[in-house]
1. Condition check: in contact with a Pro (Cβ under 9 Å, 6 or more places away or on another chain), modelled with pLDDT under 90, surrounded by fewer than 18 Cβ atoms within 10 Å (Cβ to Cβ) and of a type in the set (D, E, K, R). Does B:Arg211 satisfy that?
2. Among the residues in the range A:256-268, are any within 30 Å of A:Leu224 (Cα to Cα) and touching a residue at least 24 places away in the same chain (Cβ under 8 Å)?
3. Starting from residues that are assigned to a loop (DSSP other than H, G, I, E, B) and touching a residue at least 24 places away in the same chain (Cβ under 8 Å), keep the ones in the range A:74-109 and report whichever is nearest to A:Ala176 (Cα to Cα).
4. Of all residues being of a type in the set (Ser, Thr, Tyr) and buried (at least 18 other Cβ atoms within 10 Å of the Cβ) in the range A:318-377, which is farthest from the other protein chains (Cβ to nearest Cβ)? Just the residue, please.
5. Across the range B:178-194, what is the number of residues that are surrounded by 15 or more Cβ atoms within 10 Å (Cβ to Cβ), more than 7 Å from chain A (Cβ to nearest Cβ) and in a helix (DSSP H, G or I)?
6. Among (1) closer than 18 Å to A:Val288 by Cα; (2) of a type in the set (Ser, Thr, Tyr); (3) under 20 Å from the mean Cα position of the chain (by Cα), which single condition is A:Ser90 missing?
7. Can you name the residue in the range B:92-151 that is among the acidic types (Asp, Glu) and touching a helix residue (DSSP H, G or I) at 6+ places or on another chain (Cβ under 8 Å) and, of all such residues, is farthest from the other protein chains (Cβ to nearest Cβ)?
8. If you scan the range A:125-174, which residues turn out to be closer than 19 Å to A:Ser106 by Cβ, touching a residue at least 12 places away in the same chain (Cβ under 8 Å) and either outside any helix (DSSP H, G or I) or of a type in the set (Ser, Thr, Tyr) (or both)?
Amino acid sequence: MAESGQGAATALAKDERVKEISGLRKALIRPELGAIVGTIAVFVFFVAFAGDSGMFNAQGVLNWSIVSAQFMIIAVGACMLMIAGEFDLSVGSMIGFAGMSIAIISVTLQWPVWIAILLTLALCVAIGALNGFIVVRTGLPSFIVTLAFLFILRGFTIFFPQLIERQTIIGGIDDAAEGDWLAPVFGGKIGGWIFDWLAEMEMIAVFERGTREGEPIVNGIPMLIVWALVLVAVAHVVLTRTQFGNWVFASGGDAQAARYVGVPVNRVKILMFMFTAFCAFVFATCQVMEFGSAGADRGLLKEFEAIIAVVIGGALLTGGYGSVIGAALGALIFGVVQQGLFFAGVESSLFRVFLGVILLFAVILNTYIRRIITGER
Amino acid sequence: MSGFDHDPIVEMKDIAKHFGPVIALNGVSFDVRPGECHCLLGDNGAGKSTFIKTMSGVHKPTRGEILFEGCQMNFDSPRDAMEAGIATVYQDLAMIPLMSVTRNFWMGREPVRKIGPMKFMDFAKANQTTMDEMRKMGINLRSPDQAVGTLSGGERQTVAIARAVYFGAKVLILDEPTSALGVRQTANVLATIDKVRKTGIGIVFITHNVRHALAVGDRFTVLNRGKTLGTAQRGQITPEELQDMMAGGQEMVALEGSLGGTV
């Protein structure tokens, strides 16, 4: 023990048993690794096998971008929530519920679409808060609580349109949204001039006959994609650069340790449930504005797809670790593979096989990365 | 070094704590002065944990009073105690292994720059301070981004201690900081305790290892079955006496005879 005073002083010198970590290894220890490798692999694969199928011309790119953006929107919410240490299995039902809510308020009740959108937003966020409140108050696993809401919300989504309209699909939202100021924020397109210009430069194809002859085939970026990119960017910055982001990591990493140092863990978790619900609302609203109708079966299984994208993105199911960028890449992989199989002429049911397989690989890889980080052996 | 010329920072008088029919503490008195390391010893179940949780605001005492710098205090939560200057480093709840050292160090008290409604973490300052504070404690971090999980158990304790010291703790309660550590790491943590004590912070060192206690302790209080068996000063007590007090007397002597050495 007499040495103990100097022991600390000599610790200043390099500990010979701590190996220098190579740059490569350092680059490997990041949540996005699997997703980055996966994204590259998927693109290489489809450029090789479906490169001449139109998958990579303007229309093809738009096609898989939209599908990827849909996955991205819900993956961002699921990612933040999972890092905060919780799940939300009610996302899919929430999508159906939100869409139906907009349809009933705007079509059946004939209220303006912007009121329908705002009321639905309030409703969704409130249900998200309720989910979170029940979870933090009862201490039950969020798995069970949100599983209950999966059924509750889906049940209502089928019940109300049947009760009111005697059908499970409500159409006519596109007509109702005509001239509405808020609807284009979800259903509109931006940047049309870029595509006009690109068409003029003969960089992208134009319609060759019909009423739109001479117009570019792709005439703007759907707001869906804009929402996805904005949500990813904002969530990434909040998570990695802000005080709140630190609280999200802390709440998921070890809620009790976080509480001991004064992190408002319950508030963080409830807010993340609300954010997940908000993402489901954005997804639903974009979808409803695009299709012009709401169906009771919309959003089926989306909660699991969101979770898979997040896991591929490197987040740990146990919370406290993950990346929004990774989740976004996970969503991109999904979109590209789902549409790419179509372009490559492969039976689309194989997409599910792919999902299952890649999920398994991702979880195994994540467990390995976690061991490296935490030094467990 | 031991600061007997100072008044106690925290004084716990005749503390009792009952959990329903169970009497966990039955009249424990204890105090800690600036710059001293007061060891609280006791076997498992002696009431050490209950006692420090009372001191750090987790439990409210059933009877007795807590004086902090001479004033009676009534802590409602650990947060209250922390703000008064009583910091507790729990053995396994101190750190979050998946988060970086910086993120752990500042957790709950992040340095922020406000840009609009967003409170951005000032990582430049946070990283610099973390590196500096850790260096003061004798630990050279490879990088402040390094996950706490890559540190050894002793280093993790040191991060927690450095954090408490940096945020102005006047009393530092260490809950069995050495119990899960190897010999070398234990030595490092004990050295850290010595360093912190010299800055005038009062340390409450909970342990059931007599040798660890004697290495740094100025005073020793032994708890047994919810009661204090008395407080001894450094030099007034031998390791054997301490050991016997902790174990509650006779059986230990008999056992040691058959084992051939100090446990």
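The values are calculated or read from the model by the stated rules, or taken from the named source; none is laboratory data. As the structure is a prediction and not an experimental result, all values here were calculated from the model. When we count neighbours, we look across all protein chains shown, and the Cβ atoms used for this are built from the backbone with ideal geometry, even at glycine.
1. On the way: in contact with a Pro (Cβ under 9 Å, 6 or more places away or on another chain): yes; modelled with pLDDT under 90: yes; surrounded by fewer than 18 Cβ atoms within 10 Å (Cβ to Cβ): yes; of a type in the set (D, E, K, R): yes.
It is true that B:Arg211 is in contact with a Pro (Cβ under 9 Å, 6 or more places away or on another chain), modelled with pLDDT under 90, surrounded by fewer than 18 Cβ atoms within 10 Å (Cβ to Cβ) and of a type in the set (D, E, K, R).
2. First pass over the range A:256-268, keeping only residues within 30 Å of A:Leu224 (Cα to Cα): A:267-268.
Then drop every residue that is not touching a residue at least 24 places away in the same chain (Cβ under 8 Å), which leaves A:268.
Scanning the range A:256-268 turns up at least one residue that is within 30 Å of A:Leu224 (Cα to Cα) and touching a residue at least 24 places away in the same chain (Cβ under 8 Å).
3. Taking the range A:74-109 and keeping what is assigned to a loop (DSSP other than H, G, I, E, B), we get A:84-90, A:109.
Next, from what is left, pick out any that are touching a residue at least 24 places away in the same chain (Cβ under 8 Å): A:84-90.
Working: A:Ala84: 39, A:Gly85: 40, A:Glu86: 38, A:Phe87: 35, A:Asp88: 32, A:Leu89: 31, A:Ser90: 28 Å.
Top of the filtered list is A:Ser90.
4. Taking the range A:318-377 and keeping what is of a type in the set (Ser, Thr, Tyr), we get A:318, A:321, A:323, A:348-349, A:367-368, A:374.
Keeping just the survivors that are buried (at least 18 other Cβ atoms within 10 Å of the Cβ) gives A:321, A:323.
Values: A:Tyr321: 5, A:Ser323: 12 Å.
Filtering first and then ranking leaves A:Ser323.
5. Residues flagged as surrounded by 15 or more Cβ atoms within 10 Å (Cβ to Cβ), more than 7 Å from chain A (Cβ to nearest Cβ) and in a helix (DSSP H, G or I) within the range B:178-194 amount to 4.
6. (1)
7. Taking the range B:92-151 and keeping what is among the acidic types (Asp, Glu), we get B:92, B:110, B:122, B:132-133, B:145.
From the residues that got through so far, the ones that are touching a helix residue (DSSP H, G or I) at 6+ places or on another chain (Cβ under 8 Å) too are B:110, B:133, B:145.
Values: B:Glu110: 4, B:Glu133: 14, B:Asp145: 9 Å.
Among those that are among the acidic types (Asp, Glu) and touching a helix residue (DSSP H, G or I) at 6+ places or on another chain (Cβ under 8 Å), it is B:Glu133.
8. A:Thr157, A:Thr168, A:Ile169, A:Ile170, A:Gly171, A:Gly172, listed by residue number.
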